[in-house]
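**Q** Have a look at this one before I ask anything.
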Amino acid sequence: MTEYEQIALDKIANHEHEIYALLKQRYSPRVFSEEPIGKQDMKQLFEAARWAASCNNWQPWRFIYGFKGEEGYDKIYDCLDEFNQSWADNAPVLMLTAYKEKTPDGKDNFHALHDLGLAMGNMTVQAQYKGIAMHHMAGFDWKKAQEVFDVPEGYHFSTAVAIGYFGGEQEKLPEDLQEQEQSERERIPQNDFAFENNWNAKE
């Protein structure tokens, strides 16, 4: 067993109740295999997103992506914050996610961000099925990205994502991030977020 395979095994969720295998295997690495992500790989991921549920089937999600070595990749990388720039260039693909803010009749779509999340959930599970890792990032300059990509009014960037096949060498990361890569995954217990009958005000 390789060092990476052992780390991946250690990353399996310590679940309290049995869940779908792809969900408990999923995690967000900061290093990736040198195996390239192909255009067909991306088409499959976007097809999974395409079939996500959305309010009134409005499908408000939008994506911009670039392969390493291309202009789009560099533009996205330049919009990342300093911390994410310290590792994200390990990924063969970088992507930005966005949503359409208005409904077709011009009203605020309160559910658009929720629907983008559903699309990303679909995409993430499809990626895991193919052995592809997705590391979602909040740390980027969305205002800069809006300008760099000349995004029309009414659309809003939400997150950045690093995409690549699982694998890679931990040594490519700064020492503190190597420690994070090997740390145990943790989640808050269900009782802290799922309440039956009444809201539990405990914080």
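**Q** Do we find a residue being farther than 27 Å from Gly168 by Cα and either touching a residue at least 40 places away in the same chain (Cβ under 8 Å) or not charged (D, E, K, R) (or both) anywhere in the range 61-71? Working first, answer last.
**A** Kept after step one, since they are farther than 27 Å from Gly168 by Cα, are these residues of the range 61-71: 61-62.
Then drop every residue that is not either touching a residue at least 40 places away in the same chain (Cβ under 8 Å) or not charged (D, E, K, R) (or both), which leaves 61-62.
Taking every residue of the range 61-71 in turn, at least one turns out to be farther than 27 Å from Gly168 by Cα and either touching a residue at least 40 places away in the same chain (Cβ under 8 Å) or not charged (D, E, K, R) (or both).
**Q** Show me the helices (runs of 4 or more DSSP H) entirely contained within the range 80-163 in which 1 or more residues are basic (Lys, Arg) and surrounded by fewer than 16 Cβ atoms within 10 Å (Cβ to Cβ).
**A** Output list reads 142-148.
**Q** On the given criteria, is Ala48 open to solvent by 10 Å² or more (accessible area, probe 1.4 Å), farther than 16 Å from Met137 by Cα, assigned to a helix (DSSP H, G or I) and not β-branched (Val, Ile, Thr)?
**A** Here the answer is yes, as Ala48 does meet what is asked.
**Q** Here is a follow-up. What about Leu23, is it open to solvent by 80 Å² or more (accessible area, probe 1.4 Å), closer than 30 Å to Asn191 by Cβ and modelled with pLDDT of 95 or more?
**A** no
**Q** Here is a check on your reading of the model: is Val148 β-branched (Val, Ile, Thr), under 23 Å from Ile12 (Cα atoms) and at pLDDT 95 or above?
**A** no
**Q** Looking at the range 16-30, I want the residues that are free of Cβ contacts under 8 Å to residues at least 40 places away in the same chain and have a partner that is assigned to a loop (DSSP other than H, G, I, E, B) and open to solvent by 60 Å² or more (accessible area, probe 1.4 Å) with Cβ atoms under 7 Å, at least 6 apart or on another chain. Which pairs are those?
**A** Correct list of pairs: Lys24/Ile12; Lys24/His15.
**Q** Being modelled with pLDDT of 85 or more, charged (D, E, K, R) and surrounded by fewer than 10 Cβ atoms within 10 Å (Cβ to Cβ) is the filter here; which residues of the range 172-203 pass it?
**A** Across the range 172-203, the qualifying residues are Glu186, Glu196.
**Q** Separate question: Looking at the range 51-79 only, could you name the residues that are over 28 Å from Leu177 (Cα atoms) and in a loop (DSSP other than H, G, I, E, B)?
**A** Initial filter on the range 51-79 (over 28 Å from Leu177 (Cα atoms)): 51-62.
Within the range 51-79, Trp51, Ala52, Ala53, Ser54, Trp58, Gln59, Pro60 qualify.
**Q** Can you tell me how many residues in the range 7-45 are in a helix (DSSP H, G or I) and touching a helix residue (DSSP H, G or I) at 6+ places or on another chain (Cβ under 8 Å)?
**A** Matching residues across the range 7-45 total 8.
**Q** With the requirement that a residue be open to solvent by 70 Å² or more (accessible area, probe 1.4 Å) and touching a strand residue (DSSP E or B) at 6+ places or on another chain (Cβ under 9 Å), what does the range 51-74 give you?
**A** Trp58, Arg62, Tyr65, Lys68, Asp74
The values are calculated or read from the model by the stated rules, or taken from the named source; none is laboratory data. Small disclaimer: the values here were computed from a predicted structure and weren't measured. For neighbour counting, all protein chains shown are included, and Cβ atoms are generated from backbone atoms with ideal geometry for every residue, glycine included. Only protein heavy atoms, including side chains, enter the accessible area calculation; ligands, DNA and RNA are left aside. Shrake-Rupley method; radii C 1.70, N 1.55, O 1.52, S 1.80 Å.
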